[in-house]
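Reviewing the structure listed below.
The values are calculated or read from the model by the stated rules, or taken from the named source; none is laboratory data. These numbers were taken from a predicted model, which means no experiment stands behind them. Using ideal geometry, Cβ is built from the backbone for each residue, glycine included, and neighbour counts are taken over all protein chains shown.
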Amino acid sequence: MQIDISRFDNCRLLVVGDLMIDEYVWGEVDRISPEAPVQVVSVKNEDYTLGGSGNVVNNLVALGAQVFVLGVTGTGRDGELLLNKLNDLGVDTRGVIQERSRPTTKKTRIIADHQQVLRIDRETQQKVSVSTFRSLTTLAEKIIPEVDLVLISDYGKGVISRSLIADLVKIAKNNNKLTIADPKGRAFEKYSGVSLLTPNSKEASLASGVEITDGKNITAAGKILIEKSGIERLLITCGKDGMVLFEPGCEPLKISTKAREVYDVSGAGDTVLAVLGLGMAAGLQLKEAITLANTAAGLVVGKVGTATVSKRELLDALKQTSEDIASKNKSLNEISQLCRKLRKNRKRIVMTNGCFDLLHAGHIRLFSASKQLGDALIVAIDDDDSVKRLKGPGRPVIGATERVQILSALDSVDYVVVFATNELNSVIGAIQPDVLTKGNDYDSVKVLGRKIVEDYGGRIELIPITEEISAAQIINSIKNKC
């Protein structure tokens, strides 16, 4: 995907939502209190960051956007600290109202020896006062004409009400501006009229009453939410399984994500909201902006704590070069070392093998089902001489180099290794897969390598391939039509 990141610098976005301060108290524990059976934390350091909708702001600023904020704080020390944090980022804070009787939401995390031992929340979930609500609406009328897009970050702390959303949607539509909301709670009708709603799968499940466990259930949940909530579009985020977009009158669109090591999912929803909005403000099509947000979320879950993504990280992750594809292609020695590391990390290895000349739907089903049986799928393919011996003159139609590139482009395939005639047993011995898969057109007893796999405790799995289809049939069909 080619995206001009410099266009982000010209984007102006309004973030409306629940502003918070995240306090981190770092310390050490070396004794138990004599007063009660609790740890005594000796404080070494304290740190303060923006939380809640403030984390959306952080993400936007990190990518170069001009940000406006609409929200509410208290009037005490924490309120001033929050305002100072926003001002330090160069954010337009004229939409921040300080309500005297309201505490500034603050979450304090006590961390000892790199482990969180306690969290203390200071907050209220009461709606803002009538006068504050009126001020928010008045400020929205002044600010929305100045921005490209409106982001609504609802953390359920009383700022985002059904009435405020109705006013924001009305003002935005009058100015031809889109609204994107990250929801909270079960009543998605609250967000009626927004251009796009971005719940995670758990939130979507609770709001729809449908338990989301697979693709079929998420489709049912999405259709229910679209029908009853009055929103224009719905994007359900599914963590490592990517995202699913629902639009009225269209089939659900699934956007896969690149598998990454997940360290911390906190703040991933804020990143999705920020990058999705920024992408659309920069003129990207909706599906392009979703792909961009999906990529950013994949990056941020690889970091500890609420984090942001830089322009450089985003660009690097989006690049799809021949080097990226080639990185999946491993020699026998490389794949052996890689598998030792995977087993050390308790990852389940799945292997399948074949010629895979002229890739077809049956192959795709085999790879997809095989990947679901473990953490890493390795595809071993016959080299050109081996294919010729197995399939006869005129084969392979597609050379090994091209077959490696095609297979490497599939999300379900993690690694590809090429082997010569009579080398299959050596490949299986080097990989030692937990599961060796073949299509159910094979007899498990006759699967080559079965004894090696079963001798070290692995198993053979036959994948159901419902349609009778083969590369030879496709080639003969093409010849007959010529």
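List of remarks:
- Count - residues of region 150-167 that are in contact (Cβ under 8 Å) with a residue 60 or more places away in the chain, assigned to a loop (DSSP other than H, G, I, E, B) and on the phi < 0 side of the Ramachandran plot: 5
- Subset of region 284-295 that is of a type outside the set (A, V, I, L, M) and touching a helix residue (DSSP H, G or I) at 6+ places or on another chain (Cβ under 7 Å) - its residue that is surrounded by the most Cβ atoms within 10 Å (Cβ to Cβ): 295
- Considering residues of region 212-246 that are assigned to a loop (DSSP other than H, G, I, E, B) and at pLDDT 90 or above only, the residue nearest to residue 268 (Cα to Cα): 233
- The residue that is nearest to the chain's Cα centre (by Cα), among those in region 203-217 that are aliphatic (A, V, I, L, M) and under 18 Å from residue 182 (Cα atoms), is 204.
- Of residues in region 96-131 being farther than 18 Å from residue 18 by Cβ and hydrophobic (A, V, I, L, M, F, W, C), the one surrounded by the fewest Cβ atoms within 10 Å (Cβ to Cβ): 130
- Condition check for residue 128: among the aliphatic types (A, V, I, L, M) and in contact with a helix residue (DSSP H, G or I) (Cβ under 9 Å, 6 or more places away or on another chain): yes
- Among the conditions (1) at pLDDT 95 or above; (2) over 30 Å from the mean Cα position of the chain (by Cα), the only one that residue 57 does not satisfy is (2).
- Among the residues of region 132-149, some residue qualifies, meaning at least one is surrounded by 19 or more Cβ atoms within 10 Å (Cβ to Cβ) and part of a loop (DSSP other than H, G, I, E, B).
- Close pairs (7 angstrom Cβ cut-off, 6 or more residues apart or separate chains): more than 16 Å from residue 156 (Cβ to Cβ) and free of Cβ contacts under 8 Å to residues at least 12 places away in the same chain in region 186-197, outside any helix (DSSP H, G or I) and of a type in the set (D, E, K, R) anywhere: none
- From 384, 434, residue being closer than 22 Å to residue 339 by Cα, acidic (Asp, Glu) and modelled with pLDDT of 90 or more: 434
- Test: residue in region 194-211 that is surrounded by 13 or more Cβ atoms within 10 Å (Cβ to Cβ), part of a loop (DSSP other than H, G, I, E, B), in contact with a strand residue (DSSP E or B) (Cβ under 8 Å, 6 or more places away or on another chain) and among the aliphatic types (A, V, I, L, M): yes
- Flag for residue 285 being out of contact with any strand residue (DSSP E or B) (no Cβ under 8 Å at 6 or more places or on another chain), over 22 Å from residue 193 (Cα atoms) and modelled with pLDDT of 85 or more: no
- Flag for residue 30 being in contact with a Phe, Trp or Tyr (Cβ under 8 Å, 6 or more places away or on another chain), surrounded by fewer than 17 Cβ atoms within 10 Å (Cβ to Cβ) and either assigned to a strand (DSSP E or B) or at pLDDT below 90 (or both): no
- Across region 316-339, a minimum of one residue is classified as under 25 Å from the mean Cα position of the chain (by Cα), modelled with pLDDT of 85 or more and among the charged types (D, E, K, R).
- Checked across region 129-143, the condition of being within 22 Å of residue 61 (Cβ to Cβ) and within 30 Å of the chain's Cα centre (by Cα) holds for no residue.
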